[in-house]
Each structure stands twice: as structure tokens, then as C-alpha cells.
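The values are calculated or read from the model by the stated rules, or taken from the named source; none is laboratory data. Because the structure is predicted, anything quoted here is derived from the model rather than measured. Ideal geometry is used to build each Cβ from the backbone, glycine not excepted, and the neighbour counts take in all protein chains shown.
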Amino acid sequence: MHDLRAEVDDDAWVDNFKADWRTAGLSAADTALMAYAERLTRAPWEIRRGDLDDLRGAGLADDQISDAAQVIAYFNYINRIADGLGVDLEDSMPPDPREAG
């Protein structure tokens, strides 16, 4: 969340967002994007036309939806590659909680 704190400059909001993005007071478009990102990350096989309609209903154009899907998928991909190959975190990043204990 270090990068988000630098962008938002509101530690309380970032803490709230980190705890549960649903209660962070996001715009309708950002809420729809977060729901889509979570679904695409956790259960991509469950994505349906209705998910895209929700994004359109929140004001996103098809090119914005395409961009979002590609960024979300890329982050999922690169994180799985890094995890799968045991890539070490950068020094500025917090420790991996899976390595504790």
C-alpha cells in the first residue's frame, strides 16, 4: 500500500480501503472496477456478459473495460510467475506473510 499512500495522501482512507474496498467510499465506476477485478482475479471462469454490462452501466466505455481487463490479467499473471519462481520481493516491500513463522 506504500504506492497508494503516495498517490492518495490520506492514511486513514488507505487503511479503510485495505481493510475492505467496499466501504472506502469509491465512485460507482471505481466500485464496479474493483468488483470486476476481484471476480476476474478469483474466479475468471465465472465472468459473464452481465459483469461487463455492470461496468458499462457505471459509465465505462468498451476501450476502458478492455484496458482494465488487460491490466488486471497482467498483474495476476506476473504475480503468479513471481510466486511460482520464488522471486524475492524488492527491499522496499513488506515481508511476505507466507514466510512468517
Worksheet item: Among the residues of the stretch 68-86, is any within 17 Å of the chain's Cα centre (by Cα), at pLDDT 95 or above and assigned to a loop (DSSP other than H, G, I, E, B)?
Response: no
Worksheet entry | Enumeration of residues in the stretch 1-42 that are assigned to a loop (DSSP other than H, G, I, E, B), under 23 Å from Ile65 (Cβ atoms) and not small (Gly, Ala, Ser) | Leu26
Item to complete: Considering only the stretch 1-25, state which residues are under 18 Å from Glu90 (Cβ atoms) and touching an Asp or Glu at 6+ places or on another chain (Cβ under 9 Å).
Response: Met1, Arg5
Worksheet entry | Members of the stretch 6-39 that are among the polar types (S, T, N, Q) and exposed (fewer than 12 other Cβ atoms within 10 Å of the Cβ) | Thr23, Ser27
Item to complete: Just give me the residues in the stretch 43-55 being surrounded by 13 or more Cβ atoms within 10 Å (Cβ to Cβ) and either acidic (Asp, Glu) or outside any helix (DSSP H, G or I) (or both), in sequence order.
Response: Ile47, Asp51, Asp54
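Those residues that are of a type in the set (A, V, I, L, M) and either closer than 21 Å to Ile78 by Cα or in a helix (DSSP H, G or I) (or both), I need them from the stretch 56-66; list them, please.
The one that is of a type in the set (A, V, I, L, M) and either closer than 21 Å to Ile78 by Cα or in a helix (DSSP H, G or I) (or both): Ile65.
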